[in-house]
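The values are calculated or read from the model by the stated rules, or taken from the named source; none is laboratory data. Quantities reported herein were computed from a predicted structural model and do not represent experimental measurements. As a convention, Cβ positions derive from the backbone with ideal geometry for all residues, glycine included, and neighbour counts pool all protein chains shown. Ligands, DNA and RNA are stripped out before the accessible areas are found, and what is left, the full protein with its side chains, is counted by its heavy atoms. Shrake-Rupley method; radii C 1.70, N 1.55, O 1.52, S 1.80 Å.
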Amino acid sequence: MRLSLTRNRLLTAMAATLVFAAQGALAEDHETQEAWRIFVADHTQPVVRAIDFSDGTELGRYDLKGYAALTASASGQTVFAAQSDHDVVHVIKTGIEFSDHGEHRDLGVSDVALLPATFEGKRPVHVVPHDDHAILFYDRDGKADIVDEEALLEGKAEVRTVDATKPHHGVAVTSGRYVLVSVPDTEIETKPDELPPRVGLRVVDEKGQQIGDIAKCTDLHGEATSARLVAFGCKEGVLVARPGGIDGPKLEMLPYPADFPKAYTGTLLGGKAMQFFLGNYGEDKIVLIDPDNAQPFRLIELPTRRVDFLLDPATPRNAYILTEDGDLHVLDVVEGELVRRGKVTEPYSKDGHWRDPRPRLAVADGQIAITDPRHSLVRVVDAETLKETRTIAVEGQPFSIVAVGGSGASH
């Protein structure tokens, strides 16, 4: 079975890129500049560092209240630092801003800064970037805040709060003027220190009113957006929300094939230049998902358990998977095959606590940045050769990492 991520679809996406490049070449002559920055949170210390990716210079060091999980906004202008153990989310201005001018885009570069607005709620875990906003979900409050990014950059906080019925380890995602919200089991009794399981997904409108029935999605976990579709991992399969008409998004369950081994998807990534999803399937397999294919799933087995994985936004057919043996694998999402591998770190076992310090991945300027908390390094690996080209020393135990940047015209 071959995904309908066919060569024709990929060539169409690449052709559009080439046309854009040709238009840029014919445009008014502008000086081109490039800037990439990485943001690295320590595994145990309450600190986030902003680093110039080109030379490893530290641009800023921000002391927070606790360990932070980092999420870059869709525009790359902000990074959200969610401190789930300290009930707060801080926001860092990246100093990278793109503006589209049709035949070219401008790149503005300014200083990094910790923004004044903070967001407080009980146990913020999931931060979902989407268009010009981000959605913060607070597990122990049973609510989500939709935060406007432009207001943040102006020093203000504009928030729309969505009720998630009761505390649970959940998520909320916008779909046009609607919001997709996880649903907890409201009938089960839980201990004071426990949260109820997730049983489904519901759609709410701008007034917070539920539209239609709750869609079943046992143990809902993981979400991603690709094109206009949103996908969620469930025990039964992958639940896909498609934009609808006046009745809101349409929810469709894609059940796992009967011949798949027993496992399920709990982490999802969404393609940008092509419509597809990449998810885990248990700990030692990954799955490519094309919702428009009659056979939407393609299973890929890994040699050992997955530590981290991500998609390359600039090279649409590449995905990178780091396994616990220290190998980095390149997945061709069009062919559905692992095509290259290289040793990038020493082994990091998945045994032990789920939040033990292990490497994390980011993509910057055609290179892969890999945190190596055991050696206080960010290792920089060439995406083509999978060879280490340099290292960036980072004090402590560098853990969560995001990269923002690119090239653009400078006037």
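The set of residues in the range 60-82 being open to solvent by less than 40 Å² (accessible area, probe 1.4 Å), more than 16 Å from Gly396 (Cβ to Cβ) and without any contact (Cβ under 8 Å) to a residue 60 or more places away in the chain consists of Phe80, Ala82. Scanning the range 83-121 for residues that are β-branched (Val, Ile, Thr) and open to solvent by less than 10 Å² (accessible area, probe 1.4 Å) yields Val88, Val89, Val91, Ile92, Thr94, Ile96.
Screening the candidates Val179, Val230, Val171 for the property of being open to solvent by less than 60 Å² (accessible area, probe 1.4 Å), touching a Phe, Trp or Tyr at 6+ places or on another chain (Cβ under 7 Å) and under 19 Å from Ala74 (Cα atoms) yields one hit, Val171.
Please go through the range 194-204 and give me each residue that is in a loop (DSSP other than H, G, I, E, B) and either under 21 Å from Val147 (Cβ atoms) or in contact with a Cys (Cβ under 9 Å, 6 or more places away or on another chain) (or both), ordered by number. Across the range 194-204, there are no qualifying residues.
When the residues of the range 206-227 are narrowed to those that are of a type in the set (Asp, Glu) and open to solvent by 50 Å² or more (accessible area, probe 1.4 Å), which ends up nearest to His169 (Cα to Cα)? Ranking the qualifying residues of the range 206-227, first place goes to Asp213. For the residues Asp139, Asp148, the requirement of being within 19 Å of Ala82 (Cα to Cα), under 19 Å from the mean Cα position of the chain (by Cα) and surrounded by fewer than 20 Cβ atoms within 10 Å (Cβ to Cβ) singles out Asp148. Just to be sure, is Leu269 closer than 24 Å to Thr174 by Cα and in a strand (DSSP E or B)? Yes; evaluated as a whole, the condition is true for this residue. A Cβ distance below 7 Å, combined with a sequence gap of six or more or placement on separate chains, defines the contacts here; from the range 396-411, residues that are under 15 Å from Ala68 (Cα atoms) reach residues that are charged (D, E, K, R) and open to solvent by 10 Å² or more (accessible area, probe 1.4 Å) in the pairs Phe399/Arg360; Ser400/Arg360; Ile401/Arg360. Residue count for the range 37-59, restricted to those that are touching a residue at least 24 places away in the same chain (Cβ under 8 Å) and either among the aliphatic types (A, V, I, L, M) or in a strand (DSSP E or B) (or both): 12. Going by the structure shown, is Ala258 among the hydrophobic types (A, V, I, L, M, F, W, C) and assigned to a loop (DSSP other than H, G, I, E, B)? Criteria met by Ala258.
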